[in-house]
1. Could you check the range 70-125 for strands (runs of 3 or more DSSP E) lying wholly inside it with 1 or more residues that are aromatic (Phe, Trp, Tyr) and either at negative phi or in the same structural domain as residue 197 (by TED's automatic domain parsing) (or both)?
2. Kindly indicate whether residue 168 is among the aliphatic types (A, V, I, L, M), touching a Lys or Arg at 6+ places or on another chain (Cβ under 6 Å), surrounded by 13 or more Cβ atoms within 10 Å (Cβ to Cβ) and closer than 24 Å to residue 80 by Cα.
3. Going through the range 171-189 one residue at a time, which ones are more than 26 Å from the chain's Cα centre (by Cα), under 20 Å from residue 89 (Cα atoms) and not polar (S, T, N, Q)?
4. Among the candidates 202, 183, 166, single out the residue that is modelled with pLDDT of 95 or more and more than 15 Å from residue 107 (Cα to Cα).
5. Looking at the range 137-215, what strands (runs of 3 or more DSSP E) fall wholly within it and have at least 1 residues that are of a type in the set (S, T, N, Q) and in contact with a His (Cβ under 9 Å, 6 or more places away or on another chain)?
6. How many of the residues in the range 117-163 are at pLDDT below 95 and of a type in the set (Ser, Thr, Tyr)?
7. I'm checking my understanding of the structure. Among residues of the range 190-208 that are over 20 Å from the mean Cα position of the chain (by Cα) and touching a residue at least 12 places away in the same chain (Cβ under 8 Å), which one is surrounded by the most Cβ atoms within 10 Å (Cβ to Cβ)?
8. Any residue that is under 23 Å from residue 207 (Cα atoms), of a type in the set (A, V, I, L, M), in contact with a Leu (Cβ under 9 Å, 6 or more places away or on another chain) and in contact (Cβ under 8 Å) with a residue 40 or more places away in the chain - is there at least one of those in the range 117-124?
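The values are calculated or read from the model by the stated rules, or taken from the named source; none is laboratory data. Being a predicted model, the structure only gives us computed values, none of them experimental. Every residue, glycine among them, receives a Cβ derived from its backbone with ideal geometry; neighbour counts consider all protein chains shown.
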Amino acid sequence: MQCHNFKNIRVVHKTVSWKVDGFLFDNCYIKYYIISINILNNKMQQETIDHQSFWADEDGTECRADIYLSGNFSDIGNVSQVYSFILNNDKTQLLIAKHKKGPYTLPGGHVEKGETLIQTLIREIKEETNKEIFEDKIIPFFYQRTFRKKLHSDWEKDEVQVRYITFVKNNNKFISDPDGDITENEWINIEDLEKYLNWGKTTKMVMSEIQKYIK
């Protein structure tokens, strides 16, 4: 029996064979098994859902977000939107933005053609807050895969969004949003986040997990 070579995979050779229900398993099968399980385990570690969030869109369409805590966004493709939890200098407050339609949100927005995620983040923060962040202290926090479901249909993939933790470099006063979507900014205490962002489990997760970055 021929064993295939796997590039960049180091295998310790050991002669092992045994029979189960009349089938002979030799060293070659063991190597395939170990390689496959390692690949599967790595993928599972990268994509472990922290929780799911459900809501209804303005037109009544059911929506769902699968939330993944992650410290690395390099393997996430087709990201359409980028947002940030911006911390003040003493790490006690977060900067939020008020949307023209009423609710509070995070500074951020859509990735434009040719931009990296970090370039989008820096541009959107400047546009919607008039503030700058420390570019050497940008921390991947979590990402979400969103889905939409119309009446009597299955869940359909919608988009991928990422969330960063960043730290304010200056506290320039907000002037105006070039797109006109954001009308004001406000610094709030971290413990008051639920009063402004009604995201259910996601808000609770943020308030808990962000503690790791402010100690």
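1. Where strands (runs of 3 or more DSSP E) fall fully within the range 70-125 and carry at least 1 residues being aromatic (Phe, Trp, Tyr) and either at negative phi or in the same structural domain as residue 197 (by TED's automatic domain parsing) (or both), they are 79-87.
2. On the way: among the aliphatic types (A, V, I, L, M): yes; touching a Lys or Arg at 6+ places or on another chain (Cβ under 6 Å): yes; surrounded by 13 or more Cβ atoms within 10 Å (Cβ to Cβ): yes; closer than 24 Å to residue 80 by Cα: yes.
Here the answer is yes, as residue 168 does meet what is asked.
3. Correct list: 173, 174.
4. It is 202.
5. Where strands (runs of 3 or more DSSP E) fall fully within the range 137-215 and carry at least 1 residues being of a type in the set (S, T, N, Q) and in contact with a His (Cβ under 9 Å, 6 or more places away or on another chain), they are 182-189.
6. Adding up the residues that qualify gives 1.
7. Selected residue: 196.
8. Scanning the range 117-124, I find no residue that is under 23 Å from residue 207 (Cα atoms), of a type in the set (A, V, I, L, M), in contact with a Leu (Cβ under 9 Å, 6 or more places away or on another chain) and in contact (Cβ under 8 Å) with a residue 40 or more places away in the chain, so the answer is no.
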